[in-house]
2 protein chains.
Amino acid sequence: MKREKGLLIVLSGPSGVGKGTVCGALRQHDTDIKYSVSATTRSPREGEQNGINYFFKSKEEFEKMIEEGEMLEYARYVDNYYGTPRAYVTEMIEKGYDVILEIEVQGALQVKESFPEGVFIFLMPPSLNELRSRIEGRGTETGDLIESRMTVARDEIELMDKYDYVVENDEVELAVERIKSIVTAENCKKDRLIHQYKQLAEE
Amino acid sequence: MKREKGLLIVLSGPSGVGKGTVCGALRQHDTDIKYSVSATTRSPREGEQNGINYFFKSKEEFEKMIEEGEMLEYARYVDNYYGTPRAYVTEMIEKGYDVILEIEVQGALQVKESFPEGVFIFLMPPSLNELRSRIEGRGTETGDLIESRMTVARDEIELMDKYDYVVENDEVELAVERIKSIVTAENCKKDRLIHQYKQLAEE
């Protein structure tokens, strides 16, 4: 089926879970997925190229883009802005390409406001799983450690509740395969296809 | 994540679309999916084994199973009954296995009444797609042929509307890969996982 529009896929999860590594590994696979390029006001590091690693912007340029609604999401860390320009994402989706954004949790929630129809994937550290087996093993951890793990678990569950899918990052290649499967499955969803078929039958 | 329950996957679609071929090819792949065995009142053909190809039942046995609600779905063709015994499906799902049923459209709609949480996949003939390219090519078909194709298309669209996914059977191996992706993606769905994580964090 020729596609009318691509999907917006948002890959996010807690800090340190390995979003960048998983996204980098996904890029090594042969897919038609397009990767969004972030904008930033920080200076390019050696070897970084404008439009490849980042779109490098001045503070004034970046703030103008925010004001004009050209940022799908953005955040300020220390003295620099980081964000996702809306134009590239929208253009690729309109052309029928699936686009992936690899961003922090707060950014993902901002994107959801503009793109509720996006596919939101929460990359999960394996610790939650380990938690179960450790608790099941019993007696190997002190009460304090169990408590602190529980706090982390509860925070992560709060975050994942806003997402469509939860992918465990136990092994990078397994996580990549799950993400590819999610993209394939989403492209087979009846709700995304039936509209086109109806048009076709009515033509 | 250790799974609490498996998925019920229903593979269906119009007669002649190749459900049996696709399901047979899927069985050649190394997955943990379990395949439901149908019951029938027809006589075994040479080489067919009870409990492998079918559960062979007398008419009285089959009718008793219907009465006692032991059939997930059933239909009568000519003088014989065909149906899906509920017990095997429920047992495997409770054990955490995904179970696939390959059945006719009417049966799939019966199953949906018992298992609204099932994953309903509509296997689609490639003709609907061909339809688009042929119409786009224009002038190569007579008005009558276009009309009859349109009638088929409309009927198929009515059917697919009850399903979750639409998989095109353009090539058997591609259809199999799409089905495997759907099963993987469904097992990553947040709604199917968060309940377990919440329990875990509260323990």
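General observations
- Dipole in debye (nearest 20) - the range A:37-97, about Cα centre, beta carbon charges: Lys, Arg +1; Asp, Glu -1: 160
- Principal axis analysis of the Cα atoms in the range B:37-96 yields extents of 34, 28, 16 Å, listed in decreasing size.
- Couplings 3J(HN,Hα) of the range B:44-56, computed from phi: x, 8, 4, x, 6, 10, 5, x, 10, 7, 8, 8, 8 Hz, in residue order, whole Hz [Karplus 6.51 cos²θ - 1.76 cosθ + 1.60, θ = phi - 60°; x for Gly and Pro].
- Looking at chain B alone, DSSP beta bridges between its own residues are antiparallel in about 30 percent of cases.
- Most simply put, the protein assembly as shown has about 35% antiparallel DSSP beta bridges, counting only bridges with both residues inside it.
- A Gaussian network model of chain B, with springs between Cα atoms under 10 Å, assigns the largest mean-square fluctuation among B:L193, B:L11, B:L26 to B:L193.
- Above-threshold pairs, the threshold being 28 Å between Cα atoms, out of A:K59/A:K95; A:K5/A:K112; A:K95/B:K5; A:K189/B:K112: A:K59/A:K95; A:K95/B:K5
- Scanning residues 5 or more positions from B:L72 or on other chains, those with amide H under 5 Å from its amide H are B:T84, B:R86, with H placed 1.01 Å from N in the peptide plane.
- Shielding score for B:175-186, defined as the mean number of other chain Cβ atoms within 10 Å: 5
- For the range B:37-96, the share of DSSP beta bridges that are antiparallel, to the nearest 5, is 75%.
- Distances between copies at B:P116, taken between label points 7 Å from Cα along the C-beta direction, are 2.1 nm in increasing order.
- Label spacing, shortest first and in nm, from B:E158 to its equivalents in the remaining copies (7 angstrom along Cα→Cβ): 5.1
- Part-to-part distance (alpha-carbon centres) for the range B:10-40 and the range A:24-41, which is given in Å: 36
- Per-residue mean of C-beta atoms belonging to partner chains within 10 Å, peptide A:111-124: 1
- Counting only Cβ charges, +1 for Lys and Arg and -1 for Asp and Glu, the dipole size of chain A around its Cα centre is about 300 debye.
- Per-residue average of Cβ from other chains inside 10 Å of A:57-70: 0
- Estimated [θ] at 222 nm from DSSP helical runs (n ≥ 4, -39500 (n - 2.57)) normalised by residues in chain A, nearest 500: -14500 deg cm²/dmol
No value in this document is a laboratory result; all are computed from the given coordinates. Just so it is clear, the model here is predicted, and its values are computed rather than measured. Neighbour counts run over all protein chains shown; Cβ positions are idealised from the backbone, glycine included.
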